[in-house]
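A.B. asks: This structure is in structure tokens; I'll ask about it shortly.
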Amino acid sequence: MGDAMSGYSCVDHGLVDAILERYPREEPSLIQVLQDVQRAYNFLPCEVLTRVSRELGVPLSKVFSVATFYKAFSLTPQGRVIIKVCTGTACHIRGAPLLIEEVQRRLGILPGGTTEDAAFSLHTVNCVGACAMAPVVIVGDKYLGNAKAAGLAAHLTRGE
Amino acid sequence: MRIESRQQFDTAVAAARDTRLSKGREVWVCCGTGCLANGSKAVAQAFDDRIREDGLQASLGLYHKTTGCHGFCERGPLVVIQPEGLLYTRVRVSDVPEILDRTVRNGEVIPRLLYKDPATRQSYAKYDEIPFYKHQIRVSMRNIGRIDPEDLDDALAHGAYAGLAKALFQMTPDQVIAEIEASGLRGRGGAGFVTARKWKACRKARGDRKFVLCNGDEGDPGAFKDRSIMEGDPHGVLEGMIIGAYAIGAHEGYLYVRDEYPLAVVNVQKAIEAARERGLLGTNILGTGFAFDLRISRGGGAFVCGESSALMRSIEGRTGEPRAKYVHASDKGLFDLPTNLNNVETWADVGAIIVNGGAWFAGWGTERSKGTKAFSLVGKVKNTGLIELPMGTTLRHILYDIGGGMLKDRPFKAVQTGGPSGGCLPADKLDLPVDYEILSENGSMMGSGGMIVMDDRTCMVDVARYFLKFLSEESCGKCVPCREGLKQMLLIFDDIVSGRGKTGDVERIERLCQGMQLGSLCELGKSAPNPVLSTLRYFRAEYEAHVGRKACPAGMCRDLTAYEIVQESCTGCHQCPKVCPTEAISGGAKMKHVIDQAKCISCGACFDVCPEDCIRFFPRAEAKEAAHANADH
Ligand SMILES: Cc1cc2nc3c(=O)[nH]c(=O)nc-3n(C[C@H](O)[C@H](O)[C@H](O)COP(=O)(O)O)c2cc1C
Ligand code: FES
């Protein structure tokens, strides 16, 4: 975890400023702002959440309640490549559980987890709307349709 | 240029038809999520490059574009050649020069790229002759796959916003509502509430500030019609919403789009901007003085946010916790103001109904469910994809004539509809005509139109457990019956699938179901028992096998199942060791293979790949008994 944590204390406030500029400073902007923060930082850093709370005039407790309610948000840093295994119904009956196991076995992380070198995070998602190609795995932004456990290894190698 | 009168609208449409509808050939490359995943972007780029290099645009009057999803995602990337209506499937970049040379220049068909029916092995050249398309009637999906969703002029050329022009220039709001009423349109988001009635209530509600919302949360796993509509024809959705806003008297609206649908967000956003620029959205729409503007609200990835009141809380920037039903959204919805929410498909139907009339739409369907309905046909069926059919079509017709039958010709077991609030229907229900009431009466639901086909290798106890797990993760936790009921039920199911089931478990489950139906706050909890109750109703024997004999008849519950290779039939083809994730299978090529039971995790990968059907599964309990018997000797 050491490496991943070191980025914590020195968040780039320029990014938050730019995001806050895009929306009216009011509660209805909260989710949209958090989504952009998640995209910019790859997670929701605590310091940024306090900023957002202050700027939008939403109590910090409410910011946290929203940040933990929605699946799109994470409070811990994510790996550079995010692996999403679809566990929607179509994917489930066409073998998604095997795919999750395969990724787990290869990377040694559970769904929701991140590898120690912060290369990969594993998540399960409810349906990505590509059910006709079930089962589906998304590696980064690449969709793998009709995925087979045996074929996953090739996508789980660490680049340079 | 802004369109500011009826005449300018007609001129704009005529101009768009002139430039967008080619007199020569057209090449359409599908760039929906499915085809993109299969590499269609590179194919579209290759067409672009070649056509520009060879100056084909000018010499052949060739027009090419990218479109949204044709619904036949499994065969992507798809390329359609017009005016012939040829469909090429699984097109690769390397096929592009040949398509341009042979088909576009010389009108020749390339047999290799045609769709082959997996059941009959017959090839089809024409799009509308393929069984998957032949039986469809597309209303909400009328322009998907036909227009470039990023090009407003292309949409105009194909009839978009004609309904809006008719409504604004020729009809009063009450006439619009009357037309929708005559069409019999009911909500496509699940419950099937009569659309006109909802609009009327919101129109009557007091207050000047009202909202019109679009539900693009599409939370039911296995359903993707709303994604395809938003990606492939965002203008159809906008048009419906503007007409609805005019009828209701609303000036603001939101489109709530699932976070998992990035392409839909992009295409809808572009459509909003394009429509605003042309005066189809914003102040003074089409010069009539009517004002309505729209914003996108991206969901946060929570199933419950598809529920009407939770969705509104989410747009307000809060956690998506539903309200009790006695508060009506038509009075107190978004920001406690009168609000009307409809599903993506419902909105997409509106424009076509206004153009063609309510009676036209009501000409399809059953007595209580009118018009056509989009479904996503997925699971263990040969042709998977998106379809739109008249209400009242039988499940059998959908599964066999359109779906091409069961994958690998395995026996049919059930079809699941309605997502986590729905249920599973068995083989003897296949001749039921599909409409809202008939599905409900038989323990399932219309829901988002997901149809997930299951074969003998799907365990119905596992399916029920799957939905419970899904819902226990998605329950917002506000009310106790839903939060705790799901959790306790899931614990019992965990026991049953892992061989710890006890007599009385099934009865305990039934009592919990009752409690949840009676006591839950919102429909999520109230309908959560449906998958359990419907599998109990039609597949009780499977539950009994799990609890009583500790056996999973489908061989899917791993703790209960063991696999072995039948030695007499093994040909030593050596396929199974290649797919075994734990290297549990030994035996070289042309030799008899054997599964090491200590290493086997019962995943069934070998079973699915064996070409000779010589892998057998059996209850693990039997294996233990046999071992005991051996040890006793
Ligand atoms: C738990 C739950 C989830 C729902 N999810 C969706 C959804 O994803 N999309 C949708 O259109 N409606 C969904 N609905 C139904 C909506 O509450 C609402 O009835 C619908 O959007 C109204 O539009 P319609 O009348 O056009 O169908 C859901 C309802 C519940 C209780
Ligand atoms: S169920 Fe996996 S993409 Fe829909």
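Values in this text are rule-based calculations from the coordinates and carry no lab data. From a predicted model like this one, the values you see are computed outputs, not experimental measurements. Note: ideal-geometry Cβ built from the backbone for every residue, glycine included; neighbour counts use all protein chains shown.
A.B. asks: Loop only by DSSP, 16 or fewer other Cβ within 10 Å of the Cβ. Give me the trypsin sites (Lys or Arg not before Pro) in region B:102-184 that pass, ordered by residue number.
C.D. replies: Numbers: sites: B:ARG102, B:ARG105, B:ARG112, B:LYS116, B:ARG121, B:LYS126, B:LYS134, B:ARG138, B:ARG142, B:ARG146, B:LYS166; in loops: B:ARG121, B:ARG138, B:ARG142, B:ARG146.
Qualifying residues, ordered by number: B:ARG121.
A.B. asks: Please report, in Å, the Rg and the Dmax of chain A, where both are computed over Cα atoms only.
C.D. replies: Rg then Dmax for chain A, in Å: 17.4, 51.
A.B. asks: For a test of the definition: using alpha carbon positions, the gyration tensor, and the 1.5 limit on a/c, classify region B:559-632 as rounded, prolate or oblate.
C.D. replies: Numbers: a/c = 1.93, a/b = 1.63, b/c = 1.18.
Prolate, because a/c is 1.5 or more and a/b exceeds b/c.
A.B. asks: Taking the alpha-carbon centroid of each part, what is the distance from region B:559-633 to region B:1-75 in angstrom?
C.D. replies: After rounding, the separation between the Cα centres reads 53 Å.
A.B. asks: What area, in nm² and to one decimal, does the C-alpha convex hull of region B:191-267 cast on average over all directions? Provide the component values of the computation, followed by the final result.
C.D. replies: On the way: hull surface 22.4 nm².
Reported value for the Cα convex hull: 5.6 nm².
A.B. asks: Towards the positive end of the charge dipole of region B:372-455, with charges on Cβ (+1 Lys, Arg; -1 Asp, Glu), say which of B:GLY379, B:ASN442, B:PRO390 has the farthest Cα.
C.D. replies: In region B:372-455, that residue is B:GLY379.
A.B. asks: Sequence-distant or interchain residues sharing an amide H contact under 5 Å with B:LEU255, placed H: which?
C.D. replies: Result for B:LEU255 returns B:CYS214, B:ARG295, B:ILE296, B:SER297.
A.B. asks: Calculate how many DSSP beta bridges within chain A are antiparallel, expressed in % of all such bridges and rounded to the nearest 5.
C.D. replies: Working: 7 of 13 bridges.
Here the antiparallel bridges make up roughly 55 percent for chain A.
A.B. asks: Another one. Grab the other residues whose beta carbon is less than 9 angstrom from that of B:GLU84, score K and R as +1, D and E as -1, and report the net.
C.D. replies: Values: positive: B:ARG25, B:LYS126; negative: none.
Net charge around B:GLU84: +2.
A.B. asks: Determine the calculated [θ] at 222 nm for the protein assembly as shown from helices alone, applying -39500 (n - 2.57) to every DSSP H run no shorter than 4 residues and normalising by the residue count; nearest 500 deg cm²/dmol. Before the final figure, lay out the partial values.
C.D. replies: Values: 32 runs with 309 residues, N = 793.
Only helices count here, giving -11500 deg cm²/dmol.
A.B. asks: Moving to a separate point now. Nearest 5 percent is fine: what portion of the DSSP beta bridges confined to the protein assembly as shown is antiparallel? Write out the running numbers ahead of the final one.
C.D. replies: Numbers: 44 of 76 bridges.
Taking every DSSP beta bridge within the protein assembly as shown, about 60 percent pair in antiparallel fashion.
A.B. asks: Quick one: angle between helix B:620-632 and the longest Cα principal axis of chain B, in degrees between 0 and 90, rounded to 10, please.
C.D. replies: The answer is roughly 10 degrees.
A.B. asks: With a/c under 1.5 counting as rounded, go ahead and sort chain B into rounded, prolate or oblate using the C-alpha gyration tensor (a ≥ b ≥ c being the square roots of the eigenvalues; past the cut-off, prolate if a/b is larger than b/c, else oblate). Don't jump to the answer; show the numbers that get you there.
C.D. replies: Working: a/c = 2.42, a/b = 1.32, b/c = 1.83.
Oblate, because a/c is 1.5 or more while a/b does not exceed b/c.
A.B. asks: Is region A:9-69 rounded, prolate or oblate when judged by the Cα gyration tensor, a ≥ b ≥ c being the square roots of its eigenvalues, rounded requiring a/c under 1.5 and prolate requiring a/b larger than b/c?
C.D. replies: Working: a/c = 1.45, a/b = 1.16, b/c = 1.25.
It is rounded, given that a/c, with a ≥ b ≥ c, falls under 1.5.
A.B. asks: Quick check on region A:81-155: of the DSSP beta bridges with both residues there, what percent are antiparallel, nearest 5%? Walk me through the intermediate numbers first.
C.D. replies: Values: 7 of 13 bridges.
Roughly 55 percent of the DSSP beta bridges within region A:81-155 come out antiparallel.
A.B. asks: Starting at the first residue of region B:373-382, write each ³J(HN,Hα) from the Karplus equation 6.51 cos²θ - 1.76 cosθ + 1.60 with θ = phi - 60°, in whole Hz, x for Gly and Pro.
C.D. replies: Once rounded to whole Hz, the list reads 9, 8, 9, 10, 9, 9, x, 8, 10, 5.
A.B. asks: In whole Hz, what ³J(HN,Hα) sequence does region B:386-403 give by Karplus (6.51, -1.76, 1.60; θ = phi - 60°), x for Gly and Pro?
C.D. replies: Computed from phi, the couplings for region B:386-403 are 9, 9, 10, 9, x, 4, x, 5, 7, 4, 5, 4, 5, 6, 9, 7, 9, x Hz.
A.B. asks: Next question. Return the Cα extents of region B:372-455 along principal axes one, two and three, sorted largest first, each rounded to a whole Å.
C.D. replies: 32, 22, 22
A.B. asks: When Lys and Arg each count +1 and Asp and Glu each count -1, what net charge do the other residues less than 11 Å away from B:LYS325, Cβ to Cβ, add up to? It would help to have the intermediate numbers written out before the result.
C.D. replies: Values: positive: B:ARG323, B:LYS526; negative: B:GLU307, B:GLU523.
Net local charge, B:LYS325 excluded: 0.
A.B. asks: Report, in whole Å, the centroid distance computed from the Cα atoms of region A:8-49 and region B:277-314.
C.D. replies: 23
A.B. asks: Can you compute the charge dipole magnitude of the protein assembly as shown about its Cα centre, using +1 on each Lys and Arg Cβ and -1 on each Asp and Glu Cβ, nothing else charged? Give it in debye, rounded to the nearest 20. Present the calculation step by step, with values, prior to reporting the outcome.
C.D. replies: Details: 95 positive and 95 negative charges, 150 e Å.
Dipole of the protein assembly as shown, to the nearest 20 debye: 720 debye.
A.B. asks: Mind checking the dipole of chain B: about its Cα centre, +1 per Lys or Arg Cβ, -1 per Asp or Glu Cβ, Debye to the nearest 20?
C.D. replies: Details: 80 positive and 80 negative charges, 121 e Å.
It comes to approximately 580 debye.
A.B. asks: Between 0 and 90 degrees, rounded to the nearest ten: what's the tilt of helix B:173-183 against the longest Cα principal axis of chain B?
C.D. replies: So the inclination is approximately 40 degrees.
A.B. asks: Would you compute, for the Cα atoms of region B:481-633, the largest minus smallest coordinate along each principal axis and list the three values in descending order, in whole Å?
C.D. replies: Principal-axis extents of region B:481-633 (Cα, largest first): 62, 37, 25 Å.
A.B. asks: Among residues other than B:GLY253 whose Cβ falls under 11 Å from its Cβ, what is the net charge (Lys/Arg +1, Asp/Glu -1)? Numbers along the way, then the final one.
C.D. replies: Values: positive: B:LYS210, B:ARG295; negative: B:GLU252, B:ASP293.
Here the count lands on 0.
A.B. asks: What is the pair-distance distribution P(r) of region B:253-294, computed from all Cα-Cα distances in 5 Å bins starting at 0, with each bin given as a whole percent?
C.D. replies: The distribution over region B:253-294 is 6, 24, 26, 19, 13, 8, 4, 0, given as percents.
A.B. asks: Hey, if you put +1 on the Cβ of every Lys and Arg and -1 on every Asp and Glu Cβ in region B:1-93, which of B:SER40, B:PHE72, B:ALA12 ends up farthest toward the positive end of that dipole?
C.D. replies: Comparing the listed Cα positions along the dipole, B:PHE72 ranks first.
A.B. asks: Could you pull out every one of the aspartates and glutamates with an alpha carbon less than 13 Å from that of B:LYS373, ignoring same-chain neighbours closer than 8 positions?
C.D. replies: Here the aspartates and glutamates satisfying the reach criterion relative to B:LYS373 are B:ASP226, B:GLU345, B:ASP349, B:GLU388, B:ASP435.
A.B. asks: By counting other Cβ atoms within 10 Å of each Cβ, how are B:CYS610, B:CYS69 ranked from fewest to most?
C.D. replies: Working: B:CYS610 21, B:CYS69 33.
With the sparsest Cβ surroundings first, the list reads B:CYS610, B:CYS69.
A.B. asks: Now for a different question. What dipole magnitude, in Debye to the nearest 20, does region A:9-69 give about its Cα centre under +1 on Lys/Arg Cβ and -1 on Asp/Glu Cβ?
C.D. replies: Details: 6 positive and 8 negative charges, 26 e Å.
The calculation lands at about 120 debye.
A.B. asks: Counting only residues 5 or more places away or on other chains, whose amide H sits under 5 Å from the amide H of A:THR87 once H atoms are built in the peptide plane?
C.D. replies: A:VAL125, A:ASN126, A:CYS127
A.B. asks: Could you run the Karplus curve 6.51 cos²θ - 1.76 cosθ + 1.60 with θ = phi - 60° over region A:133-147 and give me ³J(HN,Hα) per residue in whole Hz, x for Gly and Pro?
C.D. replies: Along region A:133-147, the couplings run 10, 4, x, 10, 10, 10, 10, x, 10, 9, 8, 10, x, 6, 5 Hz.
A.B. asks: Select from region B:62-154 those GluC sites (Glu not before Pro) which occupy a DSSP coil region and have at most 12 other Cβ atoms within 10 Å, ordered by residue number. Working shown, then result.
C.D. replies: Working: sites: B:GLU74, B:GLU84, B:GLU98, B:GLU108, B:GLU129, B:GLU150; in loops: B:GLU84, B:GLU108, B:GLU150.
Here the GluC sites (Glu not before Pro) that fit, given the DSSP loop and packing criteria, are B:GLU108.
A.B. asks: Right, something else. Can you give the Rg to Rh ratio of region A:81-155, both from alpha-carbon atoms, with Rh computed by the Kirkwood formula?
C.D. replies: On the way: Rg = 11.1 Å, Rh = 11.9 Å.
Radius of gyration relative to Kirkwood radius: 0.93.
A.B. asks: If you wrap a convex hull around the alpha carbons of the protein assembly as shown, what volume per residue comes out, as a whole number of Å³? If you can, show how the numbers build up before the last one.
C.D. replies: Details: hull volume 141.9 nm³, N = 793.
Here the figure is 179 Å³ per residue.
A.B. asks: Taking trypsin sites (Lys or Arg not before Pro) that fall in a DSSP loop and have at most 16 other Cβ atoms within 10 Å as cut points, what is the longest piece of chain A between them?
C.D. replies: Details: sites that count: A:ARG22, A:ARG25, A:ARG80, A:ARG158.
Result, exposed sites excluded: A:81-157.
A.B. asks: Distance between the C-alpha centers of region B:226-255 and region B:460-482? Whole Å please.
C.D. replies: 32
A.B. asks: Check B:GLU26: other-chain or 5+ apart residues with amide H under 5 Å from its amide H, H built from backbone geometry?
C.D. replies: B:TYR63, B:GLN82
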